[in-house]
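Worksheet: one structure, shown below.
The values are calculated or read from the model by the stated rules, or taken from the named source; none is laboratory data. All values derive from a computational prediction rather than experimental measurement. Here the Cβ is made from the backbone with ideal geometry for all residues, glycine too, and neighbour counts use every protein chain on show. In case anyone asks, the SASA skips ligands and DNA or RNA and just uses the protein heavy atoms, side chains included. Shrake-Rupley method; radii C 1.70, N 1.55, O 1.52, S 1.80 Å.
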Amino acid sequence: MKKIIGLLIFNLLLLNCFATHNRAGEITFRQTGTLSFEITITTFTYSLSPADRNELEVQWGDNTSSIAPRVSKIYLPNHYIHNTYITSHIFPGPGIYEVLVQDPNRNYGVVNIPGSVNVIFSIKSTLFINPQVGKNDGVVLMNPPIDKAAVHHIFIHNPAAYSPDGDSISYKLTTCTAENGIPIANYTFPKASDTLYIDPVKGDLVWNAPVDTGIYNIAFNIETWRNGSKIGNVVRDMQIEVHNVKNQPPVNGPLSDKCVVAGNTLDFDITSTDADKDSIQLTATGGPFAQTTSPATFKITSSQLGAVVGKFHWQTDYNQARKQPYSVVVKSTDNSKEMQLVDIDDFNIHVVAPAPKNVQTLPGNNAILVKWAHSPCSNVTGYEIFRKEKTSDYKPDSCQTGLPASSGFTLVGTTKGINDTIFLDTNQSSGGLLQGIQYCYRIVAVLSDGAQSFPSDENCGMLVPGNPALTEASVTKVDDVNGSVFLAWAKPRGLDTIPAPGPYEYLVYRSNDLWGQNFTLIHTFQTADLNDTIYTDTGLNTRQYPYSYKVELYNNAVGNRFLIGTPEIASTFYPDLMPADNQVTISMKKNVPWVNTEYDIYRLNNTTQQYDSVGVTNAEVFVDKNLVNGVKYCYQIKSKGWRPSHNIVFNNLNWSHINCTTPLDTVAPCPPSLEVRTNCDSLYNRLVWTNPNHFCPGSEVVKYNLYFKNSLKGEFAKFDSVTSPDDTVYFHRNPDSISGCYAVTAVDSVGNESRMSVIGCVDECMYYDLPNVFTPNNDTHNDFFKAVNRNNYVKKVDMKIYNRWGQLVFHTSNPDIMWNGTVMNSNKVASPGVYYYSCDVYENRLSGEEVRNMVGFVHVYSGSSNTGGE
């Protein structure tokens, strides 16, 4: 009997020593270089188990593994040890990698994992390396999984996930995994009296409610998203102990989402109470506390039995403004002697960029210059300019950013860059701004992640009436040398209020552009009654140039000559033509202080040599279709417009210059859609793309051009063409490296080449490997420790081989290694045994030359009895 008991005790001790200790864990990561990442492995183990790990093996998902040393070991209540392991890795290239850590074994007696004591504990995370996505730091989990639950009481856990990059986060339940990350066979979710779920947005794991005591393991997947695409995930596997107790958990006071202007302070109290009058530990975690600059603080300000109050304080920084809110998890833990229970709640804090300040409007005759002060947020990438006619009383909600359509404001322009704070509003696309109308503007700053600031206060302005007010600028004769332009203006009024009694003088200026950049005085004339309000400018090349004019009015009395009012600018109308395939697009180019309401498009009839009307539009662009490629077409346009001046409405008709062009097929096909896959065994890349003829109307693709670059920073070069539109598969073998980026373009029958396809990059193959055994016994079989260096892609290494005492026995930079077993600086052959190597491999990758460190062991079977190597 004693032998049996002793055997049982021995088996139990053996079982514990084997490692029945893993309770919870996750793997998080941050990117430290183009292809390099640092990972943090966090595990929570059972402190009463004799099993302990000073290091863990990491499988990187690229057919390599390495050892992560433990950097922290913290003993927690309830027999938990919080272990932290950190290591780094350089991946071979862009791609999706599943990082896996596994360790024997899970705790004994997990209710929902059959035979848990014999089940490997594994955790895994997936990271995406994509140069087009940019830096990817994953999430940080700030709330440890160490809380207990009570039968028939709701249990809530929130990991307090925080994305340093401001990416979106989503949550979903998943299955706990065993060896090699495979889902555990016959795993079941814990039973609940009502529901067990995780909030996909907030991350609250809710178990409502446990129905029986025991220990249970639950896993959930935390996914990160950027611009609608998934860029990584972290799986947390956690253990929950359920007890049958009379203790009631504490209850947090109501919490609500907050909004704060970046640079301002957020202060408020958080409370928790306990019906059993237990003392309460109240904590807060989340993104605001993880800031390197100006982090939030949380301090207890009042504590008594059954109640506690804490003060949340955050003096925000301008650069903490972002699109995604910061999540805060509030946790209260009672100090019951029976068993500690918790209540967890969370809320979001939106940190919004402040509204742009000092908005000013500087009106001219036909445009309004809007300017403002640059944002104090350094991550602002530009501004949006909104306009509304007449002042408004719009006031945004407490956390309403940007300007919704309901505000009455319309987006009229954008600028690029934090210091680009000037915008000239001409309203050119809609015919121009109107005299006599009040235009009001608001500015919104745009951040690098797409977030918008609060809108600025509005500032309004009206066009400054010119004096004289120009009403016509019409091309009356089209000729290369003897063309003419008719200019008219309204009779100036109200001069007696200045006073300017006369006599008067008009000065007419002309500039050979739309905007009056080079005015020259062309005519002056005296007038006593101001009724002479027309002028015809002759001797012009009205076929080639648009012209702009201004008229200055002077009080020309002797000893009292001065400029009356502000002159304004009006240009002739010029049809800007853009030929395309069987069509011409006509843009109405002008700079005038009146509003054009209609355009009559005339086209030269090559038979009658008369201009025929081919369409009427009120838009600023007209497309003349169904033309013949290669035939010259000439156009002249008649515009109808109006403007107010001194309460008088002036209607006008203005003829444009004549302009000609020849339609040609200049429309490129749609770009193909490209996918690139690598066959590492055969060392080629397979390119597959779509034929635009099948999905893009009007395409007539006849061939494809293929482009390649061997690094992310390199320039694309064409390396081949495919001359059949239905041949959309290509196998590329590159003698230097199969790492690289590809793009494909489509070419039509007249040589128009499409834009490049979306770039496809590959860099996932391992070209270099080392054997783990060789036999330097001169039998001509496996006599050399030789690297597997496919296609000789690796040109340089730094290989060091050591014996078991750490003595260097071999060193080379030869990428083939070619060690014959001889100990360096001697003629002796290494003794049989296991040797350790460290090899820096210099590989040409997409990011340039990368150094990959390979460490391992090689078994030497030399048949030698000497001890030179040992």
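Provide, for q = 0.14, 0.17, 0.18 Å⁻¹, the log10 of I(q)/I(0) from a solvent-free Debye sum over equal Cα point scatterers in the range 560-697.
Here the Debye-derived log intensity ratios amount to -0.78, -0.96, -1.03.
So if each residue of separation counts as 0.36 nm, and I subtract the Cα-Cα distance between Ala275 and Arg70, what length gain in nm does that give?
Extra length available between Ala275 and Arg70 comes to 69.7 nm.
What per residue convex hull volume, in Å³, comes out for the range 709-795 when only alpha-carbon positions are used?
For the range 709-795, the hull spanned by Cα atoms encloses 143 Å³ per residue.
Accessible area of His694, 1.4 Å probe, to the nearest 10 Å²?
Rounded to the nearest 10, the figure is 140 Å².
Taking the Cα centre of the range 672-786 as origin, sum charge times position over the Cβ atoms of Lys and Arg (+1) and Asp and Glu (-1), and report the length of that vector in debye to the nearest 20.
260 debye
About the Cα centre of the range 299-455, what is the dipole size in debye to 20, counting +1 per Lys and Arg Cβ and -1 per Asp and Glu Cβ, all else neutral?
Its charge dipole is roughly 420 debye.
Kindly sort Tyr861, Tyr635 by accessible area of their heavy atoms, largest first, with the probe set to 1.4 Å.
Tyr861, Tyr635
Report, to the nearest whole %, how much of the accessible area of the chain belongs to carbon and sulfur atoms, 1.4 Å probe, protein only.
Carbon and sulfur together cover 50 percent of it.
Based solely on its DSSP helices, what 222 nm [θ] is calculated for the chain when runs of n ≥ 4 H residues each add -39,500 (n - 2.57) and the sum is averaged over all residues, nearest 500 deg cm²/dmol?
-500 deg cm²/dmol
Give me the net charge for the shell around Thr745: Cβ to Cβ below 13 angstrom, other residues only, Lys and Arg +1, Asp and Glu -1.
0
Using bins 10 angstrom wide from zero, how does P(r) for the range 263-368 break down, in % of all Cα pairs?
With 10 Å bins starting at 0, P(r) equals 13, 35, 22, 14, 7, 4, 3, 1, 0.
When 1/r is averaged over all different Cα pairs and the result inverted, which Kirkwood radius in Å belongs to the chain?
34.8 Å
For a Förster distance of 45 Å, can you work out the FRET efficiency between the beta-carbons of Lys172 and Ser838, rounded to the nearest 0.05?
0.60
Using only the alpha-carbon atoms of the range 570-623, report the extent along each of the three principal axes, biggest first, to the nearest angstrom.
Computed over the range 570-623, the largest-to-smallest principal extents equal 38, 24, 18 Å.
Order the following by accessible area, largest value first: Met799, Met854, Met818. Probe radius 1.4 Å; ligands, DNA and RNA are ignored.
Correct descending sequence by accessible area is Met818, Met854, Met799.
If Lys and Arg each add +1 and Asp and Glu each add -1, what is the summed charge of the other residues whose beta carbon sits under 14 Å from the beta carbon of Asp274?
Value of the local net charge: -1.
Please compute the modelled spin-label separation between Ser484 and Ser406, points set 7 Å along Cα→Cβ, answer in nm with one decimal.
Inter-label distance under the simple model: 6.0 nm.
Of Val481, Ser571, Thr780, whose Cα points farthest to the positive end of the dipole of the chain (charges on the beta-carbon: +1 Lys, Arg; -1 Asp, Glu; origin at the Cα centre)?
Among Val481, Ser571, Thr780, the one farthest towards the positive end of the dipole of the chain is Thr780.
Taking a virtual spin label 7 Å from the Cα of Thr780 along the C-beta vector, which residues in the range 805-820 bring their backbone nitrogen under 19 Å of it?
Within reach of a label on Thr780, which here means backbone N under 19 Å from a point 7 Å along Cα→Cβ, the range 805-820 contributes 820.
Show me the chymotrypsin sites (Phe, Trp or Tyr not before Pro) within the range 459-504 that DSSP assigns to loop and that have at most 10 other Cβ atoms within 10 Å of their Cβ.
Counting only loop positions with at most 10 other Cβ atoms within 10 Å, none of the chymotrypsin sites (Phe, Trp or Tyr not before Pro) in the range 459-504 qualifies.
So if I place +1 on the C-beta of Lys and Arg and -1 on the C-beta of Asp and Glu, and nothing else carries charge, what would the dipole magnitude of the range 391-485 be about its Cα centre? I want it in debye, nearest 20.
It comes to approximately 60 debye.
With Cβ to Cβ distances under 14 Å as the rule, what net charge do the other residues near Val58 carry (K, R +1; D, E -1)?
-4
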